[in-house]
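J.: Please find one structure pasted underneath; my questions will follow.
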Amino acid sequence: MSDFELRERALHLSSFIIEAPAGSGKTSLLTDRFLKLLTIVDAPEEIVAITFTKKAASEMKTKILERIKNGNSPFTEMILKRSQEKRWNIEHDLSRLKVMTIDKFCHNVVSQMPILSKMGDKPYITDTPEKLYEESVKAAFQDKDSIEDIKIVFSHYDNEYEKINRRFIHMMSIRDQWKPRCQALSQKTNSQIIHESNAYLDHLIKPIYENIKASLKPNQLNDILEVLQYLEYVGIRKDIELNNKDSFNFDIQEIPLWQTITRILFTEKNIRRGSMTAREGFHNDEEAKAYKDKCLKLPNLDFLISIRDIPEPIQESYAIKLKSIASLLLQSEKKLRQIFRQRNTVDFIEIIEIANEALGKEDAASDLLLSLDYKISHLLIDEFQDTSRSHFNFLKKIVDGWTHDSQKTIFCVGDPMQSIYKFREADVSIFIETKKNGFNTIPIETIQLRDNWRSSPLIVNEINRIFAHILPKEDSMTEGAVSYKSFISAKKDFHSQTSEFKFHALTFNENVDIDIEESKYVSHLIDTFHQDEKIAILARSRSHLSELINYIRKFRPTLKFNAVEIDALDQHQSIQDILSLSYAMQDLSDRIHWLAILRAPWCGITLNDLAILFQDDHISTVWEIIHDNKKIDAISSDGRKRIQRLVDVFEDAFQH
């Protein structure tokens, strides 16, 4: 079926999960689905659309209303007729469109179930819960029942209270991510923790060891061992203990040893070393040269870099520390919940926690649905690939009792290949699981869109070619692995003669600043384009563009660019000078900003003159010093002229 036919299919009154690649128009499909459902429901509130962000919710509401008002939807006439018949007034009342984030939806639910949630009145959602986190951690640290755990944790962190306090406060802000794990950990024996942890380490290290065996011949493995024996004998490095080892065992106990080998062969920036020095543990003599050559002649071992992030096997002492940390974290979380109830305040994490706990009770879900101001018949979920397990459990309870023939539907849209929020517990395996098993008790049909309306065939074809080799061949629920699904460019205005796709592979010596060299390269690449062309530069994160921006400002000042939410205004030198001027005029004793004024372009006295004026006087204000004729006479004539001009301007400003 074509994408057009599939999109038509997706508007039928059934439950679907839509795999929609980038540029496929999933937002317009969600909007169409919402509009179609408005033609059959008794009230707009029966349709609930869940978005990932507030911005997405606002945009979707606006699009729905625009399409109703402008009449550019095949469902407009029927919606307006139904609105008039049932007195919805939907074309003027946005509040009747239930489009919201999952957090907002949870809050609506919790606020209507005060008895089940044990929160009493409608709780206040705070956007700044940090003070409450700090209070809960402080209370946990003062709890006498936790004294043994406190001793162990503080000993582990060298009794650095500020460091421990800061980390625990941060952990409160992500407690939904660790709470189930800590609860499970606290129920296990030390031997269980050690066994399970080391079994997982074995699972992680096995593919790396297989690569080592496949890449290195026996004589090369022996060369590495000889290098390690030499380095242990020389004694410059303190991280090698071979204990008369004469071969590699390739077990988890050798993880620290292979991490040492990686540090010898690669720089901190993961670049293969081109030379070996005393920093790597080698002497500068003929004997050392033979061992250095053994290292330099080894084949490509880039896969070793991944071993850096694998922890060492844990011992019983560490298992004890883990349990104490888990216990103290759970105690802090318990104190936080008490504070929340006392203040009738919650954060977004607490809302989903309360909702899941309340709905976990027998008949709670059905009681809740009866108590809501509106009944839910249709649930639409955007960016489904970024749904967390706790959110998924909540949504499953909301639709508990729905059946295939109840005229109630689920509609999930997303692209598992774009799942990037694992750090906040987004679980892409939920997408795979739902495709296979349905949504709770509801069978669900999978539709895979393939058309991309955003990119040219050249880009799409190259992306298909490259990523087919990068992503797994098959989906895996247990691994959270997503297979690559190729897509097709639907753009018609494409000129192959003026387009090309190039891959630029850059290599650098270990002593080179990679960020600066990349910035130079990109800057020179820009010169190859016509000056009137519009150029977009994409990077992995904002921080990766900062060096390029600095380079362009310094060496290519005539090159104009826009860096939205990347090039911070307060980082511009001219803005910093204006701020210094403002602060200085507000406070004559603000020495730092007054000194900044003297160095700013409008004054610009030399560092030598600054030293003469201020090196022996750390008490007087700058304003007093630049009025001291004796000190002014000691500086250069150019400095005197500059300061006099500055004083005249300021005196005039102060008078007016």
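J.: For the range 1-134, just the Cα set please: Rg and Dmax, both in angstrom.
T.: 17.7, 56
J.: Can you tell me the FRET efficiency between Asp158 and Ile466 if r is taken as the Cβ-Cβ distance and R0 is 56 Å, rounded to the nearest 0.05?
T.: It comes out at approximately 0.75.
J.: For a paramagnetic label modelled at 7 Å from the Cα of Glu286 toward its Cβ, which residues of the range 210-240 fall within the zone defined by backbone nitrogen distances under 20 Å?
T.: 227, 230-231, 234
J.: Let me ask another. Between Phe561 and His12, how many nm apart are label points set 7 Å from Cα along the C-beta direction?
T.: 5.1 nm
J.: On to the next question. Counting pairs of alpha carbon atoms under 8 Å apart in space and at least six apart in sequence, what relative contact order in percent does the chain give?
T.: Working: 737 pairs, mean separation 118.1, N = 656.
Relative CO of the chain lands at 18 percent.
J.: In the range 167-309, how does Rg compare with the Kirkwood Rh, expressed as the Rg/Rh ratio over alpha carbon atoms? Numbers along the way, then the final one.
T.: On the way: Rg = 18.9 Å, Rh = 17.5 Å.
Result for the range 167-309 is an Rg/Rh of 1.08.
J.: Please name whichever of Thr62, Pro44, Phe4 sits farthest to the positive end of the charge dipole of the range 1-96, dipole taken about the Cα centre and charges placed at Cβ: Lys and Arg +1, Asp and Glu -1.
T.: Among Thr62, Pro44, Phe4, the one farthest towards the positive end of the dipole of the range 1-96 is Thr62.
J.: Could you order the peptides 393-402, 608-617 from most to least packed, using the average number of other C-beta atoms within 10 Å per residue? Before the final figure, lay out each step's value.
T.: Numbers: 393-402: 19.2, 608-617: 14.1.
Highest mean packing first, the order is 393-402, 608-617.
J.: Give, rounded to the nearest 20 debye, the magnitude of the charge dipole that the chain has about its Cα centre when Lys and Arg contribute +1 at Cβ and Asp and Glu contribute -1 at Cβ.
T.: Values: 88 positive and 100 negative charges, 264 e Å.
In total the dipole reaches around 1260 debye.
J.: Step through the residues of the range 167-173 one at a time and calculate ³J(HN,Hα) from phi using the Karplus curve (6.51 cos²θ - 1.76 cosθ + 1.60, θ = phi - 60°), rounding each to whole Hz and writing x for Gly and Pro.
T.: Along the range 167-173, the couplings run 5, 5, 4, 4, 5, 5, 7 Hz.
J.: Where does each of 210-223, 326-339 land if you order them by average Cβ count within 10 Å, highest first?
T.: Working: 210-223: 13.8, 326-339: 20.1.
Going by the mean number of other Cβ atoms within 10 Å, highest first, we get 326-339, 210-223.
J.: On to the next question. Given [x] 32.2, 95; [y] 28.5, 99; [z] 41.4, 141, which label gives Rg and Dmax of the Cα atoms in Å as computed from the coordinates?
T.: Answer by label: [x].
J.: Here is a follow-up. Can you tell me the accessible area per residue over the range 53-196, all protein chains present, probe 1.4 angstrom, in square angstrom? Kindly include the intermediate steps, with their values, before the conclusion.
T.: Values: 8750 Å² over 144 residues.
I get 61 Å² per residue for the range 53-196.
J.: Could you report the range 543-611's accessible area per residue, 1.4 Å probe, as an integer in Å²? The partial results should precede the final answer.
T.: Numbers: 4590 Å² over 69 residues.
Ligands and nucleic acids excluded, the figure is 67 Å² per residue.
J.: Give Lys163/Lys206; Lys554/Lys631; Lys61/Lys104 a once-over and call out the pairs whose C-alpha atoms are over 24 Å from each other. Write down the numbers at each step before the final one.
T.: Numbers: Lys163/Lys206 35 Å; Lys554/Lys631 36 Å; Lys61/Lys104 15 Å.
Beyond 24 Å between Cα atoms: Lys163/Lys206; Lys554/Lys631.
J.: Calculate log10 I(q)/I(0) of the range 20-67 for q = 0.23, 0.24, 0.25 Å⁻¹, where I(q) comes from the Debye formula with a single equal point scatterer on each Cα and nothing for solvent.
T.: Here the Debye-derived log intensity ratios amount to -0.91, -0.98, -1.04.
J.: What does the extension gain come out to for Ala539 and Lys69, with contour length at 0.36 nm per residue minus their alpha carbon separation? Write down the numbers at each step before the final one.
T.: Numbers: separation 470, 0.36 × 470 = 169.20 nm, distance 3.91 nm.
Working it through step by step, the gained length comes to 165.3 nm.
J.: Could you tell me how many cubic angstrom of Cα convex hull volume the range 116-181 has per residue? Mind dumping the intermediate values first?
T.: Details: hull volume 8.9 nm³, N = 66.
Taking only Cα atoms, the range 116-181 has a hull volume of 135 Å³ per residue.
J.: In deg cm²/dmol, rounded to 500, what helix-only [θ] at 222 nm does the chain give when every DSSP H run of at least 4 residues adds -39500 (n - 2.57) and the total is split over its residues? Can you show the working numbers first?
T.: Values: 28 runs with 340 residues, N = 656.
After summing the helix terms and dividing by residue count, I get -16000 deg cm²/dmol.
J.: What are the trypsin sites (Lys or Arg not before Pro) within the range 1-109 that DSSP puts in a loop, where the Cβ has at most 16 other Cβ atoms within 10 Å?
T.: Values: sites: Arg7, Arg9, Lys26, Arg33, Lys36, Lys54, Lys55, Lys61, Lys63, Arg67, Lys69, Lys81, Arg82, Lys86, Arg87, Arg96, Lys98, Lys104; in loops: Arg87.
Filter output for the range 1-109: Arg87.
J.: Take the solvent-accessible surface of the protein heavy atoms, probe 1.4 Å, and return the percent of it on the chain that carbon and sulfur atoms account for. Don't jump to the answer; show the numbers that get you there.
T.: Details: 18980 of 37740 Å².
Answer for the chain: carbon and sulfur cover 50 percent of the accessible area.
J.: Sort the following peptides by mean Cβ neighbour count (other Cβ atoms within 10 Å, averaged over residues), highest first: 238-246, 144-152. It would help to have the intermediate numbers written out before the result.
T.: Numbers: 238-246: 10.9, 144-152: 13.8.
Ranked by mean Cβ neighbours within 10 Å, highest first: 144-152, 238-246.
J.: Same structure, new question: Beyond a 29 Å Cα-Cα separation, which of these cross-linked pairs lie in this structure: Lys213/Lys269; Lys217/Lys502; Lys122/Lys375; Lys81/Lys375? Before the final figure, lay out each step's value.
T.: Details: Lys213/Lys269 25 Å; Lys217/Lys502 35 Å; Lys122/Lys375 20 Å; Lys81/Lys375 22 Å.
Correct reply: Lys217/Lys502.
J.: Hey, another quick one. Spelling out what I want: for every residue of the range 586-602, take phi, set θ = phi - 60°, compute 6.51 cos²θ - 1.76 cosθ + 1.60 (Karplus), and round to whole Hz; glycine and proline get x.
T.: 7, 8, 5, 8, 7, 4, 4, 6, 5, 5, 5, 4, 5, 8, 5, x, 6
J.: Can I ask one more? Which of the aspartates and glutamates could a cross-linker span from Lys491 if the Cα-Cα distance has to be under 19 Å and same-chain partners fewer than 8 positions apart are dropped?
T.: Counting by Cα, and skipping residues close in sequence, Lys491 has these aspartates and glutamates nearby: Asp3, Glu5, Asp451, Glu462, Glu500.
J.: Label points 7 Å out from Cα along the Cβ direction at Phe303 and Asp628: separation in nm?
T.: Rounded to a tenth, the inter-label distance reads 7.0 nm.
J.: Between Leu579 and Ile147, what's the calculated FRET efficiency when r is the beta-carbon distance and R0 is 51 Å? Round to 0.05.
T.: Numbers: r = 49 Å, r/R0 = 0.95.
Step by step, r from the Cβ atoms, then E = 0.55.
J.: Assuming R0 = 41 Å, what is the FRET efficiency of Asn222 and Lys554, from their Cβ-Cβ distance, to the nearest 0.05? Before the final figure, lay out each step's value.
T.: On the way: r = 50 Å, r/R0 = 1.23.
Efficiency computed from Cβ-Cβ geometry: 0.20.
J.: What whole-number value in Å² describes the accessible area per residue of the range 202-302 for a 1.4 Å probe? Before the final figure, lay out the partial values.
T.: Values: 5680 Å² over 101 residues.
Dividing the accessible area of the range 202-302 by its residue count gives 56 Å².
The values are calculated or read from the model by the stated rules, or taken from the named source; none is laboratory data. Here the structure is a predicted model, which is why all the values come from computation and not from measurement. Note that each Cβ is placed from the backbone with ideal geometry, even for glycine, and that neighbours are counted across all protein chains shown. Side chains included, ligands, DNA and RNA excluded: accessible areas come from the protein's heavy atoms. Shrake-Rupley method; radii C 1.70, N 1.55, O 1.52, S 1.80 Å.
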